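Structure record follows, encoded as structure tokens.
Just so it is clear, none of the values below were taken in a lab; they were calculated from the coordinates. All of these numbers come straight from a predicted model, not from anything done at the bench. Cβ placement follows ideal geometry from the backbone for every residue including glycine, while neighbour counts extend to all protein chains displayed.
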Amino acid sequence: MSDVFGNIKKVHFIGTGGIGMSGIAEYLAKNNYTVSGSDSYTTDISERLKNFGITIHEGHDAEFLPDDTELVIYSAAVKEDNPEYIKAVSLNIPTIKRAKALGEIVNDKFLIAVSGTHGKTTTTSMIAKILIDNNLDPTVFVGGNLSFLDGSSSRIGNSNIAVVEADEYDRSFLTLKADVIIVNNIEADHLDIYENLEDIQNNFIKFCNLGKKNCKVILNGDDENVRAIADRIEKQKVFFGFDDENDFVIDNITYSEKTCSFKLNESEINLSVIGRHNMLNSSAAFLSAKETGLGDEQISKALQSFGGVKRRFELKFTNGIRVYDDYAHHPTEVRATLEAARSINLGRIITVFQPHLYSRTQDFYKAFSDAFSETDILILDKIYPARELPIEGVTSDLIFKEFNKNYPKESYSFNEKSEIFSKLKEIVKDKDIVIFQGAGTITNYCDEYVSIVKNKY
């Protein structure tokens with residue numbers, strides 16, 4: 001690690017509830033730093049951090065910041081009027097954002113950085129699984145809790161290899177200087193941060209060109225927004241995808257209910273997850289792992305044993321019906337999940353969707369409507385606001401009305417969880433697939449629903 005961490009031992013986190021922040025907090029605690037933190041409310045993540053000896057406070061108060069703190073790390077959501085931040089400044093305690101902290105930890109390693117609007121967590125997880133299974137002992141930071149990391153989102157490795165999820169939100173990825181960069185795709189998102197798609201693309205170019213001298217950039221050549229910036233990336237580049245014009249082409253595809261197989265040029269890849277998006281994710285993972293010196297068979301064996309990421313089309317219940325928990329909160333992600341569900345072809349697809357952010361709903365309600373075309377029945381919950389204040393006139397009804405206008409399918413919009421559960425009780429029948437989808441509290445709805453149906457089936 002850099003000198004930022006090398007000369008200190010006491011670190012305080014403002015905003016520990018997110019995956020990114022909690023991963024760094026856990027990493028430092030495992031490296032024998034004294035760690036404390038706070039967040040607006042406690043979660044399962046908070047309880048996990050406490051198990052590592054980290055002091056976690058609910059809410060924000062100047063008293064929560066120990067006077068002898070040597071460094072404060074804060075999330076992008078923390079404002080300068082936060083009482084702990086104000087106290088840190090008054091005491092001349094150094095403060096850095098999460099993204100800066102991550103860069104300080106991993107930039108001096110052989111760094112694989114996974115970027116893109118979608119698929120970052122799954123691709124990063126696949127790479128981590130490959131490297132761990134082949135005893136390369138990597139340091140890992142990923143935006144999800146992984147079963148093969150004992151439910152953690154980070155890992156301390158003793159080798160010089162690191163793999164991280166490179167988040168474009170708040171331009172966080174610009175703190176990373178990687179040896180291998182993956183760009184899975186680029187779409188208009190986080191428009192509360194970026195001006196437009198061009199602004200997003202320009203920052204991806206900047207990120208790629210910040211790579212180390214011999215950096216290799218692995219690009220999804222099927223994505224038109226990625227192709228559009230490729231000539232401005234000054235590093236060595238390779239393209240992958242389904243189109244024949246790519247350097248590495250996905251073909252010879254076979255499907256089953258729970259698996260899929262394909263060839264990437266002459267390399268055979270077998271997956272225990274389904275969907276075209278996972279073929280793309282695994283291809284990127286395969287090509288990046290090759291840069292560590294691993295052979296095709298070593299990589300393929302590890303990929304076949306990869307069982308998915310928590311909340312990425314995660315099967316939570318099967319007995320007569322199937323219930324899935326899914327993190328998708330952008331139209332492209334929603335469509336990818338529903339297409340994967342349709343490929344199983346067991347029965348009707350019932351989607352319970354909780355929109356994430358007022359701004360994203362306002363920007364993409366028409367695209368969401370089209371993304372739900374693969375579902376048979378759509379149930380909408382009220383918007384999960386996260387960091388945002390309400391926008392006048394922006395509710396789930398924007399998606400609901402647009403969907404009803406374009407698709408003559410059964411659909412409902414509710415403001416209460418009890419209404420959703422009542423409707424599911426009324427409509428769900430044998431062989432149906434029920435998908436709880438979104439980035440907010442909808443995952444808790446899923447768990448509660450599973451508890452209910454366990455008593456029925």
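Only Lys, Arg, Asp and Glu carry charge here, each on its Cβ (+1 for the first two, -1 for the last two); on that basis region 1-57 has a dipole of about 180 debye about its Cα centre.
Go through region 300-393 and name the GluC sites (Glu not before Pro) that are in a DSSP coil and have 14 or fewer other Cβ atoms within 10 Å of their Cβ. The partial results should precede the final answer.
Values: sites: GLU314, GLU333, GLU339, GLU374, GLU388, GLU392; in loops: GLU388, GLU392.
Counting only loop positions with at most 14 other Cβ atoms within 10 Å, the GluC sites (Glu not before Pro) in region 300-393 are GLU392.
Applying both filters, DSSP loop and at most 12 other Cβ atoms within 10 Å, to the trypsin sites (Lys or Arg not before Pro) of region 350-438 gives ARG387, LYS429, LYS431.
Listed options for semi-axes √(5λ) of the Cα gyration tensor in Å are (i) 44, 25, 21; (ii) 33, 29, 21; (iii) 37, 31, 21. The value calculated from this structure is the one marked (ii). The calculated 222 nm mean residue ellipticity attributable to helices in the chain amounts to -10000 deg cm²/dmol, summing -39500 (n - 2.57) over DSSP H runs of n ≥ 4 and dividing by all residues. By the count of other C-beta atoms within 10 Å, a proxy for reagent exposure, GLU266, GLU47 are ordered fewest to most as GLU266, GLU47.
The chymotrypsin sites (Phe, Trp or Tyr not before Pro) of region 1-92 that meet both conditions, a loop assignment by DSSP and at most 11 other Cβ atoms within 10 Å of the site Cβ, are TYR41.
Within a 10 angstrom radius of the beta carbon, how do PHE207, PHE414 rank from fewest other beta carbons to most? Present the calculation step by step, with values, prior to reporting the outcome.
On the way: PHE207 25, PHE414 18.
Result, fewest neighbours first: PHE414, PHE207.
Just check region 3-96 against the gyration tensor rule for me: Cα atoms, a ≥ b ≥ c as the square roots of the eigenvalues, rounded for a/c under 1.5, and otherwise prolate or oblate depending on whether a/b exceeds b/c. Working shown, then result.
Details: a/c = 1.63, a/b = 1.08, b/c = 1.50.
Judged from the Cα gyration tensor, region 3-96 comes out oblate (a/c at least 1.5, b/c at or above a/b).
For the chain, what is the charge dipole size about the Cα centre, in debye to the nearest 20, if Lys and Arg each add +1 at the Cβ and Asp and Glu each add -1 at the Cβ? Each step should come with its number before you reach the end.
Details: 51 positive and 68 negative charges, 164 e Å.
Here the size comes out at about 780 debye.
FRET efficiency for the pair PHE148 and ASP67, taken as 1/(1 + (r/R0)^6) with r the Cβ-Cβ distance and R0 = 35 Å, rounds to 0.30.
Put in order of Cβ neighbour count within 10 Å, fewest first, the listed residues ILE442, ILE112 become ILE442, ILE112.
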